[in-house]
Amino acid sequence: MSSWNDVTKKVREIRKNFVVRCAISFVAVLASALLQSYVILAFIRPAGLLSSGFTGLAILIDRITELYGFTVSTSLALVVLNLPVALMCCRSINVKFTVFSLLQVFFASFFLKVCHYTPLFEDLTLNVIFGGVLYGLSVVLSLKGNASTGGTDFIALYVSNKTGKSIWNYVFMGNVCILVIFGHMFGWEYAGYSILFQFISTKMISTFHHRYDRVTLQITTEKAEEVMKAYVSKYHHGISCVDAIGGYIGNIFPGVAPSGASSHKKMYLLHTVISSYEINDIVQLIQEVDENVIINVFKTEDFYGGFYRESLD
């Protein structure tokens, strides 16, 4: 009976966590779509710019069709362009991730239809700078909510999830190719400003989205077995352990070291390499096992060997 109650409790916790994660993702994509539509209507369109990715391609299609006497609205083109890519990448990325990313696209398309914003600036340079920052932030909001703004984000994350490397700079280069067409048809000055706009937004994304960065945890503890057991039961990374001797002398710096620590006390030094987005959860887990643990976190520039990376959730 006790075992069955434990299983039931575990199932309830999993369901609760799933609902919480879905709620966070929903709020993130809603905020992202609202901010993205605001940038397009208040910064991009008034300044005659072109945004990045499929959104920029949708704007370009809208502009080109106007030249031939008919229009394919940006909101419609946004949905039509994203659906086939989403279906192709669905299995390789994650179903939940794809669904919320498409939800972001639908929300953005809807807001573009119903919302109207007054431009903040008449100056082109200010539109480029502030618009680029806010557009990059809209993408980051989606990524933080385990979703994306669709389009080239699907492609970039698909490749990154396969290779473990960020390719945002390559995405930027692909956007430049689209801008060459835009510049040829609508003027090189606006194409140049659009490239600057995209550069700023791309830098915002690479600055605040660190899923593919790695860090090393250097863990000093007296409870090596307990820490390693708890760690490997929940995470799939390797961990190494070496013997160490404490060098703290208790009376010199009272209150600085953990209570009960003394010179030449038997200690253990653990090393593991993890993804940067896992830091908070892993540190909390280790501190639950050993409240006196000392953890040093430093960035890992290069890593060689097998490395487990959790799939997008």
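Odds and ends about this structure:
- Residue, nearest to residue 202 (Cα to Cα), within the stretch 105-124, restricted to residues that are assigned to a helix (DSSP H, G or I), touching a residue at least 12 places away in the same chain (Cβ under 8 Å) and open to solvent by 60 Å² or more (accessible area, probe 1.4 Å): 106
- Test set (1) more than 16 Å from the chain's Cα centre (by Cα); (2) open to solvent by less than 60 Å² (accessible area, probe 1.4 Å) - residue 177 fails condition number: (2)
- Among (1) over 23 Å from residue 177 (Cα atoms); (2) within 17 Å of the chain's Cα centre (by Cα) - the single one residue 135 does not satisfy: (1)
- Only one of 86, 58 that is among the small types (Gly, Ala, Ser), under 21 Å from residue 187 (Cβ atoms) and touching a residue at least 12 places away in the same chain (Cβ under 8 Å): 58
The values are calculated or read from the model by the stated rules, or taken from the named source; none is laboratory data. The model shown is predicted, which means the values in this text are computed figures rather than measured ones. No Cβ is skipped: glycine too gets one built from the backbone with ideal geometry, and neighbour counts run over all protein chains shown. With ligands, DNA and RNA removed, areas are computed over all heavy atoms of the protein, side chains included. Shrake-Rupley method; radii C 1.70, N 1.55, O 1.52, S 1.80 Å.
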